[in-house]
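Worksheet: one structure, shown below.
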Amino acid sequence: MTVTVTGPAAAAAVVLSLAGCATASAGTAASADSIAAYADAAGIAPELVYTTEVAGYDVAPQSVGPTADDGMSATWFNATTHAMLSIRTEWGEMTAASCAETPVWESPDAPVTCTDEGGLWHRSAGPIHEYVTVRDGVWIQVIGMDGAPQADLLAAAQAARTPSEAELEHLFSDLPDTSTGPVERGDLPENGDGAPIDPTGPGG
């Protein structure tokens, strides 16, 4: 089924400075507690944490962060071709109507053509292609940049999954350490709830 409409003329541009990073190996999906520990610190809903794997591409941990209300965005970089692909997640479903009404990331003003390809939505606007898959109410958008081949986007969409423990740690390895402990105050009295004692200066 193919539907063509003009999408809204609004989309945010993302500029990332990326370096190739080693790809963590896949395995059993990480525990819900492990995912929540990383996701909560980043302002991302744990259920919206996804990863993917495409030959020749490495995830750039510095690109991992929140998007929309509580979704996740992450980018993979091909050091040989310099092509990039990103995944963006958010809550939602997709129908032929909503697929056509949602602008393609790199071509927000162009009419959108949508094709349901066996459970994956192939979306195009002019020469730009992207794929969307929906898992358990999570909308996973795969976006290509800098000449990423359509076949690579398809592979990324097909491979989208909950990360393993190793992949989870690698995804969030560039996340700032926001943990805090009790603040040590050396000027408080040892007993009671008195205010800090300021030493008397010149003049009283």
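Details
- Filter result (buried (at least 17 other Cβ atoms within 10 Å of the Cβ), in a strand (DSSP E or B) and not hydrophobic (A, V, I, L, M, F, W, C)) within the range 100-122: Ser107, Thr113, His122
- Thr51 vs. criteria out of contact with any Asp or Glu (no Cβ under 8 Å at 6 or more places or on another chain) and among the polar types (S, T, N, Q): no
- Residue among Ala55, Ala79 that alone is in a loop (DSSP other than H, G, I, E, B), closer than 21 Å to Asp174 by Cβ, modelled with pLDDT of 95 or more and over 17 Å from the mean Cα position of the chain (by Cα): Ala79
Residue-wise test of (1) within 24 Å of Asp146 (Cβ to Cβ); (2) modelled with pLDDT of 50 or more; (3) among the basic types (Lys, Arg).
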{"position": "Val3", "(1), (2), (3)": "no, no, no"}
{"position": "Gly7", "(1), (2), (3)": "yes, no, no"}
{"position": "Ala22", "(1), (2), (3)": "yes, no, no"}
{"position": "Ala29", "(1), (2), (3)": "no, yes, no"}
{"position": "Asp33", "(1), (2), (3)": "no, yes, no"}
{"position": "Ala42", "(1), (2), (3)": "no, yes, no"}
{"position": "Pro46", "(1), (2), (3)": "no, yes, no"}
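For (1) part of a loop (DSSP other than H, G, I, E, B); (2) of a type in the set (S, T, N, Q); (3) at pLDDT below 95, each residue gets a yes or a no:
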site: Ala39; (1), (2), (3): no, no, no
site: Thr75; (1), (2), (3): no, yes, no
site: Leu85; (1), (2), (3): no, no, no
site: Arg88; (1), (2), (3): no, no, no
site: Glu93; (1), (2), (3): yes, no, yes
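- Among the residues listed as Ala125, Ala97, the single one being surrounded by fewer than 14 Cβ atoms within 10 Å (Cβ to Cβ) and either among the aliphatic types (A, V, I, L, M) or modelled with pLDDT of 95 or more (or both): Ala97
- Residue within the range 142-165 that is at pLDDT 95 or above, surrounded by fewer than 20 Cβ atoms within 10 Å (Cβ to Cβ) and of a type in the set (Ser, Thr, Tyr) present: yes
- Sole exception among (1) touching a residue at least 60 places away in the same chain (Cβ under 8 Å); (2) farther than 17 Å from Gly137 by Cβ for Ala79, by number: (1)
- Scanning the range 123-151 for residues that are in contact (Cβ under 8 Å) with a residue 24 or more places away in the chain, in contact with a strand residue (DSSP E or B) (Cβ under 6 Å, 6 or more places away or on another chain) and more than 24 Å from Asp70 (Cβ to Cβ) yields Ala125, Ile128, Gly144, Asp146, Ala148.
- Every residue from the range 40-74 that is over 19 Å from Ile143 (Cα atoms) and crowded, with 22+ Cβ neighbours inside 10 Å: Ile44
- Residues that are touching a Ser or Thr at 6+ places or on another chain (Cβ under 9 Å) and farther than 13 Å from Trp105 by Cα within the range 74-88 comprise Ala74, Thr75, Trp76, Phe77, Met84, listed in sequence order.
The values are calculated or read from the model by the stated rules, or taken from the named source; none is laboratory data. Note that the structure is predicted; figures quoted are calculated from it, not measured. Methodologically, a virtual Cβ is constructed for each residue, glycine included, from the backbone with ideal geometry; neighbour enumeration extends over all protein chains shown.
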